[in-house]
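Asker: What follows is a single structure, and I will ask about it in a moment.
The values are calculated or read from the model by the stated rules, or taken from the named source; none is laboratory data. Predicted model only: the values in this text are computed from it and were never measured. Cβ placement follows ideal geometry from the backbone for every residue including glycine, while neighbour counts extend to all protein chains displayed. Areas reflect the complete protein model, heavy atoms only, side chains present, ligands, DNA and RNA absent. Shrake-Rupley method; radii C 1.70, N 1.55, O 1.52, S 1.80 Å.
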Amino acid sequence: MVTLYHSARRPRPSVMMTEGPILAYCPACQFTARTPYPYHGSRYGHVGGFRCEQCGADVTLTDRDCYPPVTYHARPTPAGPAITETILYEELYRINEPDFRRLERWTGLTLLGQGDQQPLKFEQLVTRVAAEVQRRGLPHQPARFALPFVTWVPEPFGQWLDLYATLERHHGP
């Protein structure tokens, strides 16, 4: 399940993910496990951690106390320095406010409400956009990822990104 919140506050309306699958990524060796990490916010900025399947580094995740972005800290050896990488999932997954507005323009669908701090039922939005793409008979366009170490993303974001790429190909950026 994915939980997004839309804030219509001006001058910076935003969409923020507060729950959903993120990458189990190790910045020490740039390995991404095929099982996503379940993001459920944080406690005082501490998201959680795991041991890298490939290099054995201890990886801890932090955020800004339930606010993006997520920073990965990999420590290959207990006494060694941490290697860090920060990922803004709202950008990687193309779920930020400008991307939603672009999809609304391209599809004619209303995806974001006008109220402040509204939860979004993301899976339902994916289904609506998929139905519109299918109705138009647009050929599938696979997504390309913005970060060089990202080779896959968990569902429903993989489908969402493919839909975005398909619509972008037919409407331009």
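Asker: Is at least one residue of region 82-95 of a type in the set (D, E, K, R) and loosely packed, with under 13 Cβ neighbours inside 10 Å? Reasoning before the result, please.
Answerer: In the first step, residues of region 82-95 are kept if they are of a type in the set (D, E, K, R); the result is 85, 90-91, 94.
Then keep just the ones that are loosely packed, with under 13 Cβ neighbours inside 10 Å; that gives none.
No, region 82-95 contains no residue that is of a type in the set (D, E, K, R) and loosely packed, with under 13 Cβ neighbours inside 10 Å.
Asker: In region 146-173, what residues are open to solvent by 70 Å² or more (accessible area, probe 1.4 Å) and farther than 21 Å from Lys121 by Cα? Write out each step before concluding.
Answerer: Step one: list which residues in region 146-173 are open to solvent by 70 Å² or more (accessible area, probe 1.4 Å), which gives 146, 148, 151, 155, 159, 169-171, 173.
Passing the criteria: Ala146, Pro148, Thr151, Arg169, His170, His171, Pro173.
Asker: So in region 113-145, with the set limited to residues that are at pLDDT below 90 and assigned to a loop (DSSP other than H, G, I, E, B), which one is most open to solvent (accessible area, probe 1.4 Å)?
Answerer: Of region 113-145, the ones at pLDDT below 90 are 113-121.
In the following step, the residues that additionally are assigned to a loop (DSSP other than H, G, I, E, B) were identified as 113-117.
On the way: Gly113: 24, Gln114: 144, Gly115: 26, Asp116: 65, Gln117: 100 Å².
For region 113-145, the residue satisfying everything is Gln114.
Asker: Still on this model: Return a yes/no flag: does region 16-33 have any residue that is in a helix (DSSP H, G or I), open to solvent by 40 Å² or more (accessible area, probe 1.4 Å) and within 26 Å of Arg144 (Cβ to Cβ).
Answerer: Kept after step one, since they are in a helix (DSSP H, G or I), are these residues of region 16-33: none.
No; the residues of region 16-33 include none that is in a helix (DSSP H, G or I), open to solvent by 40 Å² or more (accessible area, probe 1.4 Å) and within 26 Å of Arg144 (Cβ to Cβ).
Asker: Read through the list (1) free of Cβ contacts under 8 Å to residues at least 40 places away in the same chain; (2) within 30 Å of Leu120 (Cα to Cα), then give the number of the only condition that Pro78 fails.
Answerer: Just one mismatch for Pro78, condition (2).
Asker: Tell me which of these Tyr67 doesn't satisfy, since it passes every other one: (1) part of a loop (DSSP other than H, G, I, E, B); (2) in contact with a His (Cβ under 8 Å, 6 or more places away or on another chain).
Answerer: For Tyr67, the failing item is (2).
Asker: Is it the case that Arg43 is more than 23 Å from Val2 (Cα to Cα) and free of Cβ contacts under 8 Å to residues at least 24 places away in the same chain?
Answerer: Working: more than 23 Å from Val2 (Cα to Cα): no; free of Cβ contacts under 8 Å to residues at least 24 places away in the same chain: yes.
No; evaluated as a whole, the condition is false for this residue.
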